[in-house]
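Heads up: the structure comes next, in structure tokens.
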Amino acid sequence: MIREPIHVTDAAFEKVVLKADLPVIVDFWAPWCAPCRFIEPVLKKIAQEYAGRLIVAKVNTDENPKWAMHFGVQGIPTLLFVLDGKVVHQQVGALPEGVLKNLVEQFLQVAEEHKRQKQDQKSA
């Protein structure tokens, strides 16, 4: 069970994020970005509290720009909420902890509903 954010390179992005079995929150960030540093401890908390239910992945856009360009990331921090390889929500800018946690809860509800629908399709 992963209990902390994973630092992901361009080379590993497809495997770690797009082919993940769990929902993934991708944080596109850079070391010089103050708002990115503001949400870093919140994302660490989320990774710990939701371990086994989701993955928090971090992509340093200075070192790994490929996927940021692919998804049209123009400002950081940008959070992508990825489910079964598809972006279901994009959040640009830093959010307070409570707002971000509410967003995570909504994302997990969408993920659960998606999982139920997939199971229903398999059993039909």
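The values are calculated or read from the model by the stated rules, or taken from the named source; none is laboratory data. Remember, predicted model here, so these are calculated numbers, not experimental data. Neighbour counts run over all protein chains shown; Cβ positions are idealised from the backbone, glycine included.
If you go through the range 68-92 one residue at a time, how many are within 22 Å of Gln48 (Cα to Cα) and either more than 14 Å from the chain's Cα centre (by Cα) or assigned to a loop (DSSP other than H, G, I, E, B) (or both)?
Matching residues across the range 68-92 total 2.
Working only within the range 1-14, note down all residues that are among the hydrophobic types (A, V, I, L, M, F, W, C) and either surrounded by 14 or more Cβ atoms within 10 Å (Cβ to Cβ) or touching a strand residue (DSSP E or B) at 6+ places or on another chain (Cβ under 7 Å) (or both).
Those that are among the hydrophobic types (A, V, I, L, M, F, W, C) and either surrounded by 14 or more Cβ atoms within 10 Å (Cβ to Cβ) or touching a strand residue (DSSP E or B) at 6+ places or on another chain (Cβ under 7 Å) (or both): Met1, Ile2, Ile6, Val8, Ala12, Phe13.
Would you check if Ala57 is within 22 Å of Pro35 (Cα to Cα) and under 11 Å from the mean Cα position of the chain (by Cα)?
Yes, satisfied.
Restricting to the range 15-40, count the residues that are farther than 19 Å from Phe107 by Cβ and either loosely packed, with under 13 Cβ neighbours inside 10 Å or touching a Lys or Arg at 6+ places or on another chain (Cβ under 8 Å) (or both).
Qualifying residue count for the region: 4.
Considering only the range 66-124, state which residues are among the polar types (S, T, N, Q), modelled with pLDDT of 95 or more and either in contact with a Pro (Cβ under 9 Å, 6 or more places away or on another chain) or more than 23 Å from Trp29 (Cβ to Cβ) (or both).
Gln91, Gln109
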